[in-house]
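Notes follow the structure.
None of the figures in this text is laboratory data; all of them are computed from the coordinates on show. As the structure is a prediction and not an experimental result, all values here were calculated from the model. Glycine gets a Cβ as well: all are built from the backbone with ideal geometry, and neighbour counts include every protein chain shown.
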Amino acid sequence: MTETPAPTTEIGDQAAYAAAVQTAVTASAAYYGARHSTLDDDAFDRLVRGIAAYETAHPEHVLPDSPTGKVAGGAVIGDVPHTVPMLSLDNVFSADELESWAAGVARRIGRDVGTWSVEPKLDGLAISARYTGGRLVQLVTRGDGAAGEDVSHGMGMIVGLPEELAEPVTVELRGEVLMTRDQFEAANEARTGAGGAAFANPRSAAAGSLRAKDRAYQVEMTFFAYGALPMEGTDEPLAERLRELPYSGLMELAAGLGARTVAVTPVPGTTATTVEAVLARVQEIAALRADLDFGIDGIVIKADAAADQADAGLSSRAPRWAIAYKLPAVEKITRLIGVEWNVGRTGVIAPRAELEEVELDGSLVRYATLHNAADIERRGLLLGDHVTVYKAGDVIPRVEAPVAHLRTGDEKPIEAPEVCPRCGDEIDRSQQRWRCVRGRDCHAVASVRYAVGRDQLDIEGLAGSRIDQLVEAGLITDFADLFALDHDQVIGLERMGETSTANLLAAIEAAKAKPLNKVFCALGVRLTGRSMSRRIARHFGTMDAIRAADAEAFQEVDGIGPERASTVVAEIAELAPLIDKLVAAGVTMTEPGAPARPAAGSADEADEPAAEPADLPLAGMSIVATGAMSGPLDGLSRNEVNELIERAGGRASSSVSAKTSLLVAGEKAGSKRAKAEKLGVEIVTPEEFAARVAAYL
Ligand code: IVH
């Protein structure tokens, strides 16, 4: 975290520079004007650094509009002059940069800074609150730093900014106004309820709500003080205290007057006497970021003593005694490209957003939670929307809101499912969290249906409706329970006679002899399908070996990478009770013809590994079958052809690529044939292929 680089947008010539300045000015006006910027914070920072780098190299080209060196990127809003300019902060992005900045301050003041104060950088907007005789009389935004907008109508909406202080003093408090997560959700609910568009994030929600004069609904915000200064009418003893107190003392004074400071949060301001201690505190605050109910985008480090501040002085844009240590962005703009509806183990049907991949807080994000259908509605999301996505630390990424002004008109409504996407039964919509009417049984019905399917245990006579009956009668909760069914239980079901009962029980009994790959496939382990189940069964040979394998061992299986391996290991652990039941029922737990691979940790582990079937006719080949099968392969399902390929040592695949060794192309082979021709892949007919693998048919 401490070595975050500061990437820069490359600007090659004067025209690109002019365009970059224009983009930055527009984005900045949107940001400070409470609309959501077209650029996220990262992109904006990169752009401004690129502009600054270009200006250093070409000072003769500098444009008057340039955002560099200006408070609020030059966005001018408001006409209430500030008593003292409301400045911005310079940034550092790494421990090294912080150290050299601190050394620079020491050089400037001719001594080491005695004490630093360290506190979170709150992600809201700066405000000046003027108190006369203890009463709140005016609220002013930062504007361009010299003058801001009067937003006194916001009084009474801001927690932490009392309308009356604990003492009748005349003082100006400065600080950040933001929305906590809960306040943001409530504001969006109120706003969309009143027919408005959702705010894209808490920051723009706070800015927009503060600036809106006439609003049909109430919103709440929160203030945190980071400054207290004298103003016209402040009595001299107080003015002197305000000028002489260290920053930490000013914050105690503000809190004593009844204003909110970060002292009441899990990340209170602290002091440190060395840069090492400052960096340790930076790490602590960064680690707590995901747990906070308000956004922070960095850590502010300030020389604590008034004398150190006075000696360090100010630049036109920022104090030289304070710096923001920026943390990586936890919010980005990306596109919503799809919505998946998943059914949880309890039958809850939850939508999940599929996103254009975006890097966020150190990880690549492709999916984000959308909570529930009402939430989609409330946020007014459309498919194809640009959306703000938030993720910090281990927090599951979530879609915050659409960026409405980036709409093109091509966005489509998000279709909610008509029936349960898992079992096809009805949806109970009586609560915000939709549930399949089957509740937990939905999972049972769907997983048993899958387990008894043709490519798994292939139990004939067990139609979906029969499974429904068995689950509803409480006779089964998973497919292992099938093996415990007896004659009386089955014949007791509706529409079951002696013959059908006998047939069903015989089919269930026969399923016990299915090879391991079918049994494994029947478990429905996430991220494994039919051919992966075959590979796993062939690789490990026994269920014991599969259960003993760790993620590393799974990665030896063709096609299993680290992510899939750890999911599979976790799933197998979760399925342990079901597997135990299957073992107890006498279901086959070995793969015929597979090399016996001892379970990890067993006494035989040190033995020579068993030979792989390298001498099989299709060993090392990746094979795709397409079109209608004919000749000896006539009537085989695609899965059965794939099984044949794998019995003969090949790897069955469903798509043609440069890695494909052979295409088995039947009638109507279509695009796969065309692609194979283009790539020069060998193509054979089903008859030719059957001849090569005749021994395995
Ligand atoms: S001190 C004269 N402390 O960050 C310097 N600012 O990017 C005044 N901010 O304009 C700023 N948290 O709106 C300070 N703990 C904090 C802050 C903080 C957030 C904001 C503030 C400032 C902006 C600069």
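Annotations for the structure displayed:
- Each Cα pair under 8 Å and six or more residues apart adds its separation to the average, and for segment 644-692 the resulting relative contact order is 34 percent.
- Across the options Ser128, Met155, Trp116, the greatest Cα extent toward the positive end of the charge dipole of segment 83-189 (unit charges at beta carbon of Lys, Arg, Asp, Glu) belongs to Trp116.
- Each residue in Phe224, Phe540, Phe93 was given a count of other beta-carbon atoms within 10 angstrom of its own, and listing them fewest first yields Phe93, Phe224, Phe540.
- Gain on full extension, evaluated as 0.36 nm per residue between Thr274 and Glu574 minus their Cα-Cα distance, stands at 103.1 nm.
- Ranking of Lys512, Lys121, Lys302 by count of other Cβ atoms within 10 Å, fewest first: Lys512, Lys121, Lys302
- Each of Ala305, Thr273, Trp321 was scored by the projection of its Cα onto the charge dipole of segment 255-328, and the greatest displacement toward the positive side belongs to Trp321; charges sit on the C-beta of Lys, Arg, Asp and Glu.
- Size descriptors for segment 288-444: radius of gyration and Dmax over Cα atoms are 21.7, 73 Å.
- Looking at segment 404-435, the GluC sites (Glu not before Pro) that sit in a DSSP loop and have at most 13 other Cβ atoms within 10 Å of their own Cβ are Glu415, Glu418, Glu426.
- Restricting the trypsin sites (Lys or Arg not before Pro) of segment 408-488 to loop positions (DSSP other than H, G, I, E, B) with no more than 15 neighbouring Cβ atoms within 10 Å leaves Arg429, Arg454.
- Put a plus charge on the Cβ of each Lys and Arg, a minus charge on the Cβ of each Asp and Glu, and nothing anywhere else: the dipole of segment 138-209 about its Cα centre is then about 300 debye.
- Amide H contacts of Val92 (H built 1.01 Å from N, in plane; Pro and chain starts excluded): Ala324, Tyr325, Lys326 sit under 5 Å, all sequence-distant by 5 or more or on other chains.
- Whole-Hz ³J(HN,Hα) from phi, Karplus 6.51 cos²θ - 1.76 cosθ + 1.60, for segment 164-170, glycine and proline x: 9, 7, 5, 10, x, 9, 9
- Put simply, the amide H of Tyr367, placed in the peptide plane, has neighbours under 5 Å in Leu355, leaving out anything fewer than 5 places away on its chain.
- Given Lys302/Lys326; Lys518/Lys672; Lys512/Lys581; Lys332/Lys391; Lys302/Lys391, the pairs whose alpha carbons are separated by over 20 Å: Lys518/Lys672; Lys302/Lys391
- Placing unit charges on the Cβ atoms only, positive for Lys and Arg and negative for Asp and Glu, gives the chain a dipole magnitude near 1120 debye about its Cα centre.
- Residues Asp385, Asp481, Asp361, arranged from fewest to most other Cβ atoms within 10 angstrom of their Cβ, appear as Asp481, Asp361, Asp385.
- Under the Karplus curve 6.51 cos²θ - 1.76 cosθ + 1.60, θ = phi - 60°, whole-Hz ³J(HN,Hα) for segment 368-381, x wherever Gly or Pro sits: 8, 6, 10, 6, 7, 5, 5, 5, 4, 4, 4, 7, x, 7
- With all pairs of separate Cα atoms included, segment 414-493 yields a Kirkwood hydrodynamic radius of 13.6 Å.
- Taking amide H positions as modeled 1.01 Å from N, with prolines and chain starts lacking one, the residues under 5 Å from Ala147 and 5 or more places away or on another chain are His82.
- Size estimate for the chain follows the Kirkwood approach: the inverse of mean 1/r over distinct Cα pairs works out to 30.5 Å.
- Within the chain, helix-based [θ] at 222 nm, where runs of 4 or more DSSP H residues each add -39,500 (n - 2.57), nearest 500: -10000 deg cm²/dmol
- Debye intensity ratio in log₁₀ form over the Cα atoms of segment 333-389, taken at each q of 0.16, 0.20, 0.23 Å⁻¹: -0.49, -0.73, -0.90
- Size descriptors for segment 225-358: radius of gyration and Dmax over Cα atoms are 21.4, 68 Å.
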